[in-house]
Amino acid sequence: MSARFNMATVHSAAYKAGIGMEAALQNSFLTPIQKELIKIRASQINGCAFCLDMHTKDALKYGETPQRIFLLNAWREATELYTEEEQIIIAIAEEITLISQNGLTEETYQKAKALFTESQIADIIMAAVSINMWNRIAISTHLPVGG
């Protein structure tokens, strides 16, 4: 599959706005590993090879273990590997990625409210929104998997 076009060049203003969203998330409460868990899980659901390649490599650089990356798509069966906070973060990422199914469910939102402030929940939501945007760009434009 060959790349179609470079979104950053063809629609630079919109692409820069996406970069701006990423920049805003640099100041979030989320740790680098928590951000990568969101990015990897959404990219698994969306089937984005480019983003999976990038974010699994980034997660490893931040100290994530291969086992947690390998089992992320089965996190509900491997709960002992993920903290309670991570489980809620991953659940939010999944529900936002699969927004047409049930949206962010009340059950997940209430669990999040018990652990996080509204500002922190907003950070989690925006991190999920951001990676879903990048997944859609990468898949639509056939970004090649990096080396």
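The values are calculated or read from the model by the stated rules, or taken from the named source; none is laboratory data. These numbers come from a predicted model, not from an experiment. Glycine also receives a Cβ, built like all others from the backbone with ideal geometry; neighbour counts cover every protein chain displayed. Just the protein is used for accessible areas: all its heavy atoms, side chains included, with ligands, DNA and RNA removed. Shrake-Rupley method; radii C 1.70, N 1.55, O 1.52, S 1.80 Å.
Observations on the model:
- Residue check for residue 54: of a type in the set (A, V, I, L, M), open to solvent by 70 Å² or more (accessible area, probe 1.4 Å) and touching a Gly at 6+ places or on another chain (Cβ under 7 Å): yes
- Pick from the stretch 1-13, criterion under 14 Å from residue 138 (Cα atoms) and of a type in the set (Gly, Ala, Ser), ranking: farthest from the chain's Cα centre (by Cα): 2
- Helices (runs of 4 or more DSSP H) completely within the stretch 35-147 that count 2 or more residues being hydroxyl-bearing (Ser, Thr, Tyr) and over 15 Å from the mean Cα position of the chain (by Cα): 106-115, 118-140
- Counting the residues of the stretch 12-28 that are surrounded by 12 or more Cβ atoms within 10 Å (Cβ to Cβ) and outside any helix (DSSP H, G or I) gives 1.
- Scanning the stretch 72-96 for residues that are open to solvent by less than 60 Å² (accessible area, probe 1.4 Å), farther than 14 Å from residue 39 by Cα and out of contact with any Ser or Thr (no Cβ under 9 Å at 6 or more places or on another chain) yields a count of 5.
- Within this structure, residue 9 fails the test of being buried (at least 17 other Cβ atoms within 10 Å of the Cβ) and part of a helix (DSSP H, G or I).
- Every pair of residues 6+ apart whose Cβ atoms lie under 6 Å, when the first sits in the stretch 42-71 and is touching a residue at least 60 places away in the same chain (Cβ under 8 Å) while the second is open to solvent by 60 Å² or more (accessible area, probe 1.4 Å) and not in a helix (DSSP H, G or I): 49/145; 50/143; 50/145; 53/145
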